[in-house]
Amino acid sequence: MKAAMQGCNNCVTALVLAGADLNAVDPVKGKTAREWAVFTGRFETIVQIRCLLQRPRAEQFSSEYLPEWPALPELVAKALATKTRGERMQEKIRSAFSFRFPRDPEVDGVMDHMVRMTTSLASPFVSTACRTICPLSPPEVGKRRLAVPEILRAQVPNAEPPAEAKTRSGAEELPGCSQPPALASSQPPGSMPSFLPLRLLRRSSIFPEDHVPRIKLTKPPAPPASAEEQLEESPDRNTLRLPKWRYKELREKRRAAKQLEEES
């Protein structure tokens, strides 16, 4: 609701695809997120929620997605079809006298296909950089997404004691979750996987245990300099210096002489 009121479209999309309930109401006004977006005038957020409801599943994040544009064969056949002389003349006249105004991309058009294809799991931009844990369970509206610790906990059944495992049995498991082999080989039996890089998870003679100690270096703070020292050390000639009064210097000398006489 807060993201819808503030117009944070990216945050709204992430929350809705993570399983946020669009029908939930606040206890004070009794309004949903869409009603709050209408009340605050966030029309772009309303359009974003409407598009998410029209396409509730992010199919490009599934391993079953095929990077093919359904409208491509029809457009190719239309472009290669033979045209009469009258049709060619009409196209030339239309292209000469038509004005091209900027407009939003078409729904399921070439821009939508390009975005889905470049963000899919088969894209070289994604497949070379990461590997998803649940390739058969893409984000979907109204479907709760488990966090990474919950997914890893579900894949390692002996990671918790039986008492805690019973309390966590109510958490839903995502179908089609697969564990990367590199992560599975680096996990010792009977211990929770640590969220450290794989190069630190592998055991060695230096760090035989899973826990890697952290060394923190602290530098003692420098003693604060007085205002007089700061002004004396400042190289700026335009800085005003504190005046040195003659009677104060004589008073300090007399006081120092009296202290020496008393001590002697």
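The values are calculated or read from the model by the stated rules, or taken from the named source; none is laboratory data. Computed from a predicted model, the values in this text were never measured in an experiment. Please note: Cβ atoms are built from the backbone with ideal geometry, for glycine as well, and neighbour counts cover all protein chains shown.
Being in the same structural domain as residue 131 (by TED's automatic domain parsing), on the phi < 0 side of the Ramachandran plot and more than 24 Å from the chain's Cα centre (by Cα) narrows it down to one residue among 35, 64; which is it?
On the way: 35 fails: in the same structural domain as residue 131 (by TED's automatic domain parsing).
Sole residue among the options that is in the same structural domain as residue 131 (by TED's automatic domain parsing), on the phi < 0 side of the Ramachandran plot and more than 24 Å from the chain's Cα centre (by Cα): 64.
Inspect segment 39-49 for any residue being charged (D, E, K, R), under 25 Å from residue 108 (Cα atoms) and either touching a strand residue (DSSP E or B) at 6+ places or on another chain (Cβ under 6 Å) or outside the structural domain of residue 112 (by TED's automatic domain parsing) (or both) and give the result as yes or no. Please lay out each step first, then the result.
Taking segment 39-49 first, the residues charged (D, E, K, R) are 42, 44.
Then drop every residue that is not under 25 Å from residue 108 (Cα atoms), which leaves 42, 44.
Next cut, either touching a strand residue (DSSP E or B) at 6+ places or on another chain (Cβ under 6 Å) or outside the structural domain of residue 112 (by TED's automatic domain parsing) (or both) only: 42, 44.
There is at least one residue in segment 39-49 that is charged (D, E, K, R), under 25 Å from residue 108 (Cα atoms) and either touching a strand residue (DSSP E or B) at 6+ places or on another chain (Cβ under 6 Å) or outside the structural domain of residue 112 (by TED's automatic domain parsing) (or both).
Using the structure shown, decide if residue 162 is within 30 Å of residue 54 (Cβ to Cβ) and either exposed (fewer than 12 other Cβ atoms within 10 Å of the Cβ) or modelled with pLDDT of 85 or more (or both).
Numbers: within 30 Å of residue 54 (Cβ to Cβ): no; either exposed (fewer than 12 other Cβ atoms within 10 Å of the Cβ) or modelled with pLDDT of 85 or more (or both): yes.
Taking the combined requirement at face value, the residue does not satisfy it.
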**Study point:** Residue, nearest to residue 17 (Cα to Cα), within segment 38-54, restricted to residues that are of a type outside the set (Val, Ile, Thr) and within 22 Å of the chain's Cα centre (by Cα)
**Key:** 52
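Among residues belonging to segment 121-145 that are among the polar types (S, T, N, Q) and in a loop (DSSP other than H, G, I, E, B), point out the one that is nearest to residue 67 (Cα to Cα). Before you say what the answer is, go through the steps one by one.
Of segment 121-145, the ones among the polar types (S, T, N, Q) are 123, 127-128, 132, 137.
Remaining after also requiring in a loop (DSSP other than H, G, I, E, B): 123, 128, 132, 137.
Details: 123: 9, 128: 17, 132: 18, 137: 18 Å.
Ranking the candidates gives 123 first.
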